[in-house]
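> Quick one: structure below, then a few questions.
The values are calculated or read from the model by the stated rules, or taken from the named source; none is laboratory data. In this text the structure is predicted, and so the values were computed from the model without any measurement. Using ideal geometry, Cβ is built from the backbone for each residue, glycine included, and neighbour counts are taken over all protein chains shown.
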Amino acid sequence: MTRAYYVGDHARDIMLAHRIGARSVLVTTGADVAHTRSELAEAGLVPDQVAETLGEAVEWIVRDADRRQPSAITAQLGSGENKAGLNVPSSLKADR
């Protein structure tokens, strides 16, 4: 199980993620989302997640990574600490 994530807005980004065994996130801010989705369908590839913004992509990655293996960062967030200096949205903090 890989811990790598690859975020992109083109089909080639998602294709590369699959090739290297990374989890893939398609961000729909690219110039031609319909064309990107069509290319992926032709290749038989589905991204692990589709996000409308980069922020959404980051939120999903944090949740997904925590589900797969709780991290030290998540533990720090749960304790109210932020030793990593991350700008963490309140929606991701454990005290919600």
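> Quick one: how many residues across region 23-39 are part of a helix (DSSP H, G or I), touching a strand residue (DSSP E or B) at 6+ places or on another chain (Cβ under 9 Å) and either among the polar types (S, T, N, Q) or surrounded by 21 or more Cβ atoms within 10 Å (Cβ to Cβ) (or both)?
Looking only at that region, the number is 1.
> Of A17, A41, A57, A4, which residue is modelled with pLDDT of 90 or more and touching a helix residue (DSSP H, G or I) at 6+ places or on another chain (Cβ under 9 Å)?
None of the other options fit; the residue is A4.
> Regarding region 76-85, can at least one residue be identified that is surrounded by 14 or more Cβ atoms within 10 Å (Cβ to Cβ), at pLDDT below 75 and part of a helix (DSSP H, G or I)?
yes
> Can you tell me how many residues within region 1-22 are touching a residue at least 60 places away in the same chain (Cβ under 8 Å) and either buried (at least 16 other Cβ atoms within 10 Å of the Cβ) or not in a loop (DSSP other than H, G, I, E, B) (or both)?
1
> Right, here's the next one. Working only within region 40-51, note down all residues that are within 23 Å of R68 (Cα to Cα) and either loosely packed, with under 12 Cβ neighbours inside 10 Å or among the small types (G, A, S) (or both).
A51
> Which of the residues belonging to region 40-55 are assigned to a helix (DSSP H, G or I) and without any contact (Cβ under 8 Å) to a residue 12 or more places away in the chain?
Across region 40-55, the qualifying residues are A41, E42.
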